[in-house]
Each structure stands twice: as structure tokens, then as C-alpha cells.
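Let me begin by presenting the structure, written as C-alpha cells, before commenting on it.
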Amino acid sequence: MVVRRRGHAAHRYAESPVLQLALQGWRSRLVGLTLMAAFGLLAGRSFYLQILDTDFLQGKGESRYRRDIEVSASRGKIVDRNGDLLAVSTPMKSIWAIPVDARQMGLEQRQKLAGLLEMPSRELDSRLAGDKGFTFLKRQVPPEVAERVDALKLPGVHQEKEYRRFYPSGDMTAHMVGFTGVDDKGLEGVELAFQRSLEGRPGSRSVIKDRRGRIVEDVGALKPPQDGRDVHLALDSKIQYLAYSHLKAAVIENNARAGGAIVLDARSGEVLALVNFPTYNPNNRERLSGAQLRNRAITDTFEPGSILKPFTAALALERGKVRFDTVIDCAPGRMTIGNATISDAHPHGALTVAQVIQKSSNVGTAKIAFHFAPREMWEMYDAVGFGQQPGLGFPGEVGGRLRPWKSWRPIEQATMSYGHGISVSLIQIARAYTVFARDGDLIPLSLVRLDEAPVKGAQVFSPETAREIRAMLEMAVQPEGTAPKARVAGYRVGGKTGTAYKLENGVYARKYVASFVGLAPLSDPRLVVAVMIDEPSGTAHYGGDVAGPAFSRIAAGALRTLGIKPDAPVQMAQGNVPAEKERL
Amino acid sequence: MLRINLFLLLVLVVCALLGVTAQHRARKLFQDLESEQERARQLDVEFGQLQLEMSTWATHPRVEQIAREKLRMRQPDAYGKAAEPAAPSRGRRG
């Protein structure tokens, strides 16, 4: 310190005259000023740091202890109407590596890792060989395996949480439920159709972590994760299983190319079952072919053939052109319109309108159809939903083909009356039949479970007409009809067969689509079951022989599953119906 | 004056220490909460996995196979009676 001379009473050693220095006054002032300046500099610096640059520094500081973490949200479940799981996500781990760091692993460590990940160690080496900054070693590893990998404490090997989708019911519900990609986004079926509500939205939170990486405090805004909503389908997995196993049996038995079946609840319009064969296992989608992936019941159209005949008859009854028992001359089983001839598979003589449906006479139906102008028929087909998408919201829905009435030629009107020259999907035809199962009104279909059935749809036919058509459909499954094999022991059922030629490059080939659409139980219709078998090439190819038995088995199982009381008189069930030897 | 100042200083120190303890305890409790929440999440995941396992065991094809082959059950007719007497038969399927 600078000591200045001062007059003072006490005599101290510092003031000893010997030690007194004669210094110039400016020197002490200079030192004082320098110190002041240095102090000022410090003050200025701290002002700069604390006030001007504070945001930057605050941010830097926070980045040392504050972390933004993403909170993952899971995808919603898909369950059937009884709550059985059809699709569920469960967390898995993906194992990734920074190759540069990971190459420090010893040989033994590499072998251990390769063993845990179930991959050849050569593949592991090749993954680590590149100069990429990041590489996935394996995705969707079960959590137990990931924990063991973690325990190895390998350099440069990291893990991340991800979800994997499981489909417990596998190939049975594959087309209906669809599947998701590796990034958990829907690619097919309900997974795609309901992507928006199934999808979970991850949240985020910022926290303070301590030295050991534990979260000690929440800071800042919290965004809670939103789990995806569950989707409750109308599907009944038991009916679905029955439909699947019987359809599969029918396709294999008849050596057919493919098949589809649909079960609808006629009261509510809910889709209780929808199956296709061939199918695939959504849990293991390697080696998938297009044929397996096709959801035929919804995305494929076919010429329906005779299953359209009841609509022609219904229109005629509705307009009062014919009555239930009006006689129509179908002899000699052939009819020439313009320069084309239509014929019956088996020639018939004079038939009543009901018998035309029962025995499926093309000639008879064409004669009924000539009571109308093309426009009237077109309007009826349009009213039951042909030529329009069924509106399920399902990916790849098709509307089929219903040409405008103005361009119909007479021969076309005749063939259209029995289902040729028009194309529909199986779901459309099943929906159209709900008109007969109900009192003549058409309701929208629903993939999801409804709490309340729609009260009334658009009226297409009168209740009286629907009742008469039901009587005709019941006649078709009697021994004199086309589909005695479609009968169900204990229940009154009715339906219509279809055996349509397939169009190949604009020419009808000797290949068939055999189909059957039926209602059960007839005393109070509850179910509409539609079965379609594509290219049966066994001994039989008629709808009644190929699709009829499948209908019978599916309907029997579905009726039992729903607990619907048998409505047939007892002796009939015990009489000439062959003993049921069917699967559950 | 000095005495009051000293007293206030003491009060200040005590308050500061209490503040630090409170913060510490808050963090401890928060950690407990955090670990419990983590456990809840874990249990949730486990529940999902068990549900999945259950539905895998309860698939309809498996139920049918066991009913037919192991328990030798058969299908009743529409009136609730077994169509044939349930004679024990080995590995018979309908």
C-alpha cells in the first residue's frame, strides 16, 4: 500500500523519519486510477454478461442440466365387438450403433452381440464396416434381449424404444384389420382406414437432470402424450373364425383359386365377419404375394350372376307387374333377343315367378325384366347401392360397374336382370340383400360397433315385397330348388345361388364364380351371409353345390354363436337333413 | 443495533438452510414420484404383454383343437343335444 505522510499524534514506526520516502503525489494517484479503471472494467464486463448477454449464457447453462425429453405415446388397440384383441402395440427396442465407436469392440464382444441379435457375425461386421455415422443393427428386438445387450456395455452400441404391432388372431382377420409399417403407421385395412384416431401423439417435457442422470425437477411447459384411441370393430371374432375356417375348407375342397365370405347383422348393418382366402399372416409378412394381400370381398368386383335375380323379381312385384304366383312360360329354355340367345342351364316349362327364382331360370327372369323400361331397372339397382362405393371408409373400396341406362340394349337389359353385364363387389351384394332381410329398406354398413342400430334406412321395396321375396328365397333351399345343400339344421333359411361365367379379355371363359347369398333365420331375419368362390375347378361348379354348403356351415355357426333360437319345426330338422359333421 | 443485525443474520442463515433442505426434499420426493410413475408405465407395458399372451393362448383354432382332441367334446345339434353319443375316440376330428 501507498503510505502517505500525515500528522498524527501517535508516533509509529512507519512514520519514522528514516523510513519516510519522498514520493511524488502523481504516482499514488496513477495507481489509484489504474485500480479504479480495472474495477470499472470488471463492472462493465459483469454488466455485459449479466444484462446484455444473459440469454445466451442462460441457455448454455441450462443445456448442461436441462433436458427436453420426448414422452412416447402408444398406438390404439383394435378390438372386436366383445373386446377380444385383434391388434395391439407393445414396446420393443431398436439397437443402433455408431460404427466408428463400435469398431473398438473386441472379437469376443462382437460374437456375443451377434449371438444375442441372432445374426451371423459376418453380417454384423458388414454393418459396422461403412463410414456412416449411424446404423441400425436390428429393429424390434424384444425388451429382454435388449436388456442383455445393454448389460454387455458395448462401446458405440445404443438403444431406442419403439413399438411393434401384434395381431393375435393372425391370418383370420388379416384383410379386415390390415397392418402397419415399421414406423407404426397403418398401411392396409382398418389400420389405414382409422389411422387418424389410432395414432398416438407423443408429448414432451423439459426436466432438470442431476449428475447421475436422474430427473429432479420439471421445468417449463409440459405437453402430455396422447395415446391413440382404441377402435371397437363390429367384427365378432368367433363368427370371423367360423367364416374363415369354412371358407378355407370350401376353397380347398373345390380346388378353387380364391374365395370371400361376409356376415352382416341385418338389423344394424354391422359387419360381423369379413374373410378372404388366400390370406397371410400379418405378424410375419415376408414373402407376401399380391394374391394373398387382396381383400377380394371389398376391392374385387365380379359379375354376380343369378344372385341378382331376386331384385328383378322384387321390382316386378313392387310395381304390380306380376304376382307371387303369376305363371311365366320358360319353355323351351332358350330365348332369342336380337341376334343373341340366352338359355337356361336346365330347360324348364311354365314356372310361377316364385319358381323362376327357386329354379333360377334365366329366361323367366329376362321375361320379367321386359316389363320395365331400362331406366326403372337402373334406378332400382342404384337404390340398392350397385355402382356406388359402399361407404365403409375402407381403403380400396370399389363401386362396381353399372352402366347408364341410356346405353342399354334389350339384350343387355335381359342379361343384366340375371346378373351379367353388371359388376359388383361381395360387400355390395351382401348389403343389397339386407333389403330383403329387413322390411325393404337399405341401411348403411358399419365396420365399427354401433351402440344403437339405425332405425330406418332408405325405403327401396315395400315390406310386403320383401316378405314375398323371402318366401321365394326359402323355396330355393328346398329339395326342388337350386341349393338344397344350403339348408341349416333347426333353422329356416333362404338364399339365392349364383353361377357366373368369368369375363376374360371381354370373352366369357369356361371359368366360374360360384356364389350364395342367404338370410337366416327367416322367421325374423337377423343375418345376411354372402359366400363367393372364385374358379372352383373340382367336380362341382354350381353355386348351390360349391358355395351353398359353406353358407350352411357359416350360418349355422353364426346363429349358434349369437344365441338365436331355432325357428324350424322339429321334425323337419331331424328328418332328411344329413347329420351335421361340421367344425365348431 | 449490532445485536439485532447479528440476530437477523442468524435468522437469514437458518432460513437459507431451510430453503436448501426443502429443495432437496422436494427433489427426493419428485424422484420417488418419477420412479413410481416409471413403474406404473412398466406395469402397463407388462399388462399389454400379458393381454397379448392371453389372446394368443385363447385363439379360436387352439380352443377348438383342445376341445375336440383333448376334451373330446362334440358339437350339439340345433336343439342343444349332442348329435352322437360321446364315445371316446382318439384324435378324431369333424
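Worth pointing out:
- The Cα center of the range A:254-302 and the Cα center of the range A:440-459 differ in position by 23 Å.
- Separation of the residue A:27 and residue B:45 label points, Cα + 7 Å toward Cβ, nm: 7.6 nm
- Computed about the Cα centre, the dipole magnitude for the range A:85-168 is approximately 140 debye when only Lys and Arg (+1) and Asp and Glu (-1) carry charge, each at its Cβ.
- Computed magnitude of the charge dipole of the range B:2-70 (debye, nearest 20; Cβ of K, R +1, Cβ of D, E -1): 420 debye
- Relative protection proxy for A:496-505, A:243-252, A:196-205, from highest mean packing down: A:243-252, A:496-505, A:196-205 (other beta-carbon atoms within 10 angstrom).
- Using a Förster distance of 56 Å, the FRET efficiency for residue A:287-residue B:25 (Cβ separation, nearest 0.05): 0.40
- Highest mean first, the peptides A:366-377, A:130-141, B:15-26 sorted by other C-beta atoms within 10 Å per residue fall in the order A:366-377, A:130-141, B:15-26.
- Relative contact order, percent, the range A:389-518 [alpha-carbon distance under 8 Å, six or more residues apart]: 16 percent
- Modelled label positions at residue A:257 and residue A:187, each set 7 Å beyond Cα in the direction of Cβ, lie 2.5 nm from each other.
- Spatially proximal lysines relative to residue A:321 (Cα-Cα < 29 Å; intrachain offsets below 8 disregarded): A:309, A:359, A:367, A:406, A:456, A:496
- The mean number of Cβ atoms from other chains found within 10 Å of a Cβ in peptide A:209-218 is 3, as a whole number.
- Of the GluC sites (Glu not before Pro) found in the range A:83-168, the ones in coil according to DSSP and having at most 14 other Cβ atoms within 10 Å of their Cβ are A:118.
- Across chain A, C-alpha contacts under 8 Å between residues 6 or more apart give a mean separation that, scaled by the residue count, equals a relative contact order of 13 percent.
- Within the range A:438-481, the trypsin sites (Lys or Arg not before Pro) that combine a DSSP coil assignment with at most 13 other C-beta atoms in a 10 angstrom radius are A:456.
- In a simple Cβ point-charge model (Lys, Arg +1; Asp, Glu -1; nothing else charged), chain A has a dipole of about 2420 debye relative to its Cα centre.
- In terms of its C-alpha gyration tensor, the range A:85-168 comes out prolate, because a/c is 1.5 or above and the ratio a/b outweighs b/c.
- Applying 1/(1 + (r/R0)^6) with r as the Cβ-Cβ distance of residue A:196 and residue A:150 and R0 = 45 angstrom yields a FRET efficiency of 0.80.
- Gyration tensor verdict on the range A:287-424 (Cα atoms; rounded if a/c is under 1.5, prolate if a/b is larger than b/c, oblate otherwise): prolate
- Shielding of B:24-34 by partner chains, average beta-carbon count, 10 Å: 3
- Relative contact order, percent, the range A:85-168 [alpha-carbon distance under 8 Å, six or more residues apart]: 58 percent
- Of A:112/A:161; A:132/A:161; A:138/A:248; A:185/B:28; A:77/A:502; A:60/A:153, pairs whose Cα-Cα distance is over 32 Å: A:138/A:248; A:185/B:28; A:77/A:502
- Multiplying the residue separation of residue A:524 and residue A:337 by 0.36 nm and subtracting their alpha-carbon distance yields 63.3 nm.
- The three principal axes of the C-alpha atoms in the range A:172-265 carry coordinate ranges of 70, 29, 21 Å, sorted with the longest axis first.
- Spatial separation of Cα centroids for the range A:149-163 and the range B:58-73, in angstrom: 42 Å
- Hydrodynamic radius of the range B:2-70 per Kirkwood, over alpha carbon pairs, in Å: 17.4 Å
- Cα long-axis angle, helix A:426-437 against chain A (0 to 90 degrees, to the nearest 10): 60 degrees
- Distance between modelled label sites at residue B:32 and residue A:379, nm, 7 Å Cα→Cβ extension: 7.8 nm
- Amide N proximity, the range A:119-148 versus residue A:103 label position 7 Å along Cα-to-Cβ, cut-off under 16 Å: A:124-135
- Cα centroid separation, the range A:317-363 to the range A:63-137 (Å): 68 Å
- Per residue, the Cα convex hull of chain A amounts to 290 Å³.
- Backbone HN-Hα couplings from phi across the range A:44-54 [Karplus 6.51/-1.76/1.60, Hz, Gly and Pro as x]: x, 4, 5, 4, 4, 5, 7, 9, 7, 9, 4
Where a number appears in this text, it was derived from the coordinates with a stated rule and is not lab data. Computed from a predicted structure; not experimentally measured. Don't worry about glycine lacking a Cβ; one is built from the backbone with ideal geometry, like all the others, and counts go over all protein chains shown.
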